[in-house]
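A quick write-up on the structure given underneath.
The values are calculated or read from the model by the stated rules, or taken from the named source; none is laboratory data. Keep in mind it's a predicted model, so treat the numbers as computed, not measured. No Cβ is skipped: glycine too gets one built from the backbone with ideal geometry, and neighbour counts run over all protein chains shown.
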């Protein structure tokens, strides 16, 4: 995403010191077995969230993807050994892997409604049975425009009710949803055994 590439340096400086999202991600990581595979979708620079995955004692197999080339280049500088791709979740080979968890912080709402539905369907197809999908988006439905570091961004939310329906349609059970201290809204879902 070109907009994120243009603000990458400022974003990286601020985000690396933030702990927002760490608690929710750690909750998911604690549910996973030793050596589980985890995809950070919308990994950005990898700080602080990919770093949290890497530091976890369960020694996960970690992968990253982000649509901003500048963010991916910073990610590579931060994590030399972690496979990362510059790609959209809508046109991505998933490293020819399946995953035990997919984590997506601050990404889904940059997609259109149809793209978000496709992303949920695609992620469901790449998750192992009983795998987890944690993502953020707004609780209310609708679209809005905002700015970050002077760059304009567009945001779209299906709304909690539609996210619930879409997740169930693609074989998930919704385990939790809540706001964090920064007013980010989280959805935690688990893929059922039957899908």
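Restricted to segment 166-179, and to residues that are out of contact with any helix residue (DSSP H, G or I) (no Cβ under 7 Å at 6 or more places or on another chain) and not in a strand (DSSP E or B), which residue is farthest from residue 105 (Cα to Cα)?
Only one residue fits best here, namely 169.
Quick test for you: out of 117, 55, 70, pick the one residue that is surrounded by fewer than 23 Cβ atoms within 10 Å (Cβ to Cβ), within 19 Å of residue 6 (Cα to Cα) and over 13 Å from the mean Cα position of the chain (by Cα).
Criteria check complete, one pass: 70.
Counting just the residues of segment 1-43 that are closer than 12 Å to residue 68 by Cβ and modelled with pLDDT of 95 or more, which one comes out surrounded by the most Cβ atoms within 10 Å (Cβ to Cβ)?
Filtering segment 1-43 for residues that are closer than 12 Å to residue 68 by Cβ and modelled with pLDDT of 95 or more, the one surrounded by the most Cβ atoms within 10 Å (Cβ to Cβ) comes out as 43.
Please specify each residue of segment 101-124 satisfying the condition of being under 16 Å from residue 170 (Cα atoms) and either outside any helix (DSSP H, G or I) or without any contact (Cβ under 8 Å) to a residue 12 or more places away in the chain (or both).
101, 102, 114
When segment 125-142 is examined, which residues are found to be part of a strand (DSSP E or B) and either under 26 Å from residue 183 (Cα atoms) or without any contact (Cβ under 8 Å) to a residue 24 or more places away in the chain (or both)?
131, 132, 133, 134, 135, 136, 142
Residues of segment 126-143 being under 27 Å from residue 194 (Cβ atoms) and over 17 Å from the mean Cα position of the chain (by Cα), which ones?
Selection gives 129, 130.
Could you figure out which of (1) surrounded by 18 or more Cβ atoms within 10 Å (Cβ to Cβ); (2) outside any helix (DSSP H, G or I) isn't true of residue 163?
Of everything listed in (1) surrounded by 18 or more Cβ atoms within 10 Å (Cβ to Cβ); (2) outside any helix (DSSP H, G or I), residue 163 misses just condition (2).
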